[in-house]
1. Can you tell me how many residues within region 129-153 are surrounded by fewer than 16 Cβ atoms within 10 Å (Cβ to Cβ) and of a type in the set (Val, Ile, Thr)?
2. If you go through region 18-38 one residue at a time, how many are under 16 Å from the mean Cα position of the chain (by Cα) and at pLDDT 85 or above?
Amino acid sequence: MNTPNDISEKDLAALLGMPRKKLAEARTKLTSITHYRQQGRLIIYTPEGQAAVQAALVKPSENNTPAAPADPAQATPRAEATAPPRLLVKPTAGPRRAQLTCLRTFTTNERILEATEAGSATVLRVRVRSNKQFRPGMQFRAVHLDGTLWALDQDLPRSPRDNRFWPKKTTPTTSP
């Protein structure tokens, strides 16, 4: 799942002002779980991966660290180590995502349904392509747009009733 601080390789290359091939070379030294992940053909870097790529690509003279004096007697011991390169990507607060439960659908407007967030009694409106696939009690992920208006999360498959991606609700069976 994407977090607000994640960034695609294309955007990171644009921010750093270097070709994507250099980023791909630096990516060979990173671990795929903590630094980046692949979604189809898209490479998405985590904040740790962004820092690691910048540390690998930034030259020491660009790191804003003063050069060591030639005479070791004039050198003063520094308590702090060299500072890590600062991130060029500012963390941003992305849209709020939540797990919602469908309350009811409308026959007059099939692009809207009512839902509620877990632990909240507030009724929310959710924009969908068609509410025919939704049933009361069905859970789905949504993105907050404005006020009480939400939209389906775009990371999901198209049909919420597709059994390959959406788990079926199991009802407890009683044995005679």
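The values are calculated or read from the model by the stated rules, or taken from the named source; none is laboratory data. Note that the structure is predicted; figures quoted are calculated from it, not measured. In this analysis, Cβ positions are derived from the backbone assuming ideal geometry, glycine residues included, and neighbour counts consider all displayed protein chains.
1. Residues meeting the conditions: 1.
2. Of the residues in region 18-38, 5 are under 16 Å from the mean Cα position of the chain (by Cα) and at pLDDT 85 or above.
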